[in-house]
Amino acid sequence: MGGPLRVGVVGVGKISEQYFAQLPTLPNLELTAVADLNEERAREVAAEQGVRALTVDELLASPDVDVVLNLTIPAAHVEVGTRALQNGKHVFAEKPLALAPDEAAPMLALAEERGLRVGSAPDTVLGTGVQTARRLLDEGRIGTPVSASAQWTAPGHELWHPAPAFYYQDGGGPLFDMGPYYLTTLVSLLGPVVRVSGAAVRSERERSVATGPLQGTALTVDVDTHVSAILEHAGGTYSTITVSFEVWASRTPLFELYGTEGTIAVPDPNRFSDPVEIWTRSEPEWTVAPVAGGYADAGRGVGLADMARAIETDRPHRASGELAFHVLEIMDAILRAGREHRVVELTSAPARPADVPLDARPESW
């Protein structure tokens, strides 16, 4: 690859602000164009970023776009991604990869057939927080891992998001919205999942938009809003996870790894660089662990930068479509296990992504 990977963004909604803030700090990426169904909004963002505003069709066909950063709503991820691949573009998408595994599989097959890359958020696992926890785990600081427990809860995104309807449609809910952060981290730490059991419910609470121009608009809830699951990882370790839009208050968020010699408190996997704490039998008090791995000062888009470097050096990229597919299959299996009251076996088993060394720098990506 000669020079930076040229990036075209499709979808300039709320999450795009975080990507636009980070892209200028990533030397192997160059933003060249943006597109959105709301063409007026696309023109505004293009002016702010100093790039061209195109229609979606124009961007997907543009010769100065090497990779499509797909920030559309979940229901459009596969359609936009597939069209990008058909136009010879690599793809990096927001999570989830698709609404269902059967929907995502042909897109990944097309990418392999054409020699193109598919990457997917979350890339938060590449920051110093999760990577430090992984280094401590791999060094045996808490002995042999036995289990992990993760919990994320909130009353619902309608309290802060100006247009939250999609969070309550297929591809949304706490599992598909927040689950990928926790599940991607669990797989990165403990390896792939082989079987799951789960339960999912939704309340009859009425919901409406709390802020912005749509304030007071009623929301229709088409997804489960409280989900719990037990996951069996290939190495024999078990983890539990609960994600919810039904909890008004909780004393502490929880993400912990339990081993035969201690516990690692994993930082918020929706963030890149929060501190890691560790407690061990030999040092029986909570201490903050020194940063031991990960891209420093990372933000959204670091997974795309990692993918660009992987294309250049012909190595696997870390925030891969295969990993995102596995997480998607886990989420689908959790919901099926809850509906069918049974344990569901998984079919995909990606290798753990390579860890990120502490000395990784932008020029080495």
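Listed values, structure above:
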read-out: Condition met for Ala150 (closer than 15 Å to Val266 by Cβ and aliphatic (A, V, I, L, M)); value: yes
read-out: Any chance Glu322 is assigned to a loop (DSSP other than H, G, I, E, B), among the acidic types (Asp, Glu) and at pLDDT 95 or above; value: no
read-out: Test: residue in the stretch 137-159 that is at pLDDT below 95, assigned by TED's automatic domain parsing to the domain that holds Gln215, of a type outside the set (Gly, Ala, Ser) and in a helix (DSSP H, G or I); value: no
read-out: Extreme residue, farthest from Gly293 (Cα to Cα), among residues of the stretch 89-125 that are of a type in the set (A, V, I, L, M) and within 11 Å of the chain's Cα centre (by Cα); value: Leu97
read-out: Count of residues meeting criterion [at pLDDT below 95 and under 14 Å from Pro122 (Cα atoms)] in the stretch 60-96; value: 1
read-out: Residue check for Val327: under 26 Å from Ala21 (Cα atoms), touching a helix residue (DSSP H, G or I) at 6+ places or on another chain (Cβ under 9 Å) and not basic (Lys, Arg); value: no
read-out: Failed item in (1) of a type in the set (Asp, Glu); (2) closer than 28 Å to Asp224 by Cα; (3) surrounded by fewer than 24 Cβ atoms within 10 Å (Cβ to Cβ), with Glu112 passing the rest; value: (2)
read-out: Members of the stretch 215-247 that are in a loop (DSSP other than H, G, I, E, B), among the small types (Gly, Ala, Ser) and more than 22 Å from the chain's Cα centre (by Cα); value: Gly216, Gly235, Gly236
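This table checks each residue for (1) closer than 14 Å to Thr184 by Cβ; (2) assigned to a loop (DSSP other than H, G, I, E, B); (3) in contact (Cβ under 8 Å) with a residue 12 or more places away in the chain.
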position: Tyr258; (1), (2), (3): no, no, yes
position: Gly293; (1), (2), (3): no, yes, yes
position: Asp297; (1), (2), (3): no, yes, yes
position: Leu304; (1), (2), (3): no, no, yes
position: Pro316; (1), (2), (3): no, yes, yes
position: Leu328; (1), (2), (3): yes, no, yes
position: Arg342; (1), (2), (3): no, yes, yes
position: Ser348; (1), (2), (3): yes, yes, yes
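The values are calculated or read from the model by the stated rules, or taken from the named source; none is laboratory data. Keep in mind that this is a model prediction, so the values were computed, not measured. Cβ atoms come from the backbone with ideal geometry, glycine included; neighbour counts cover every protein chain shown.
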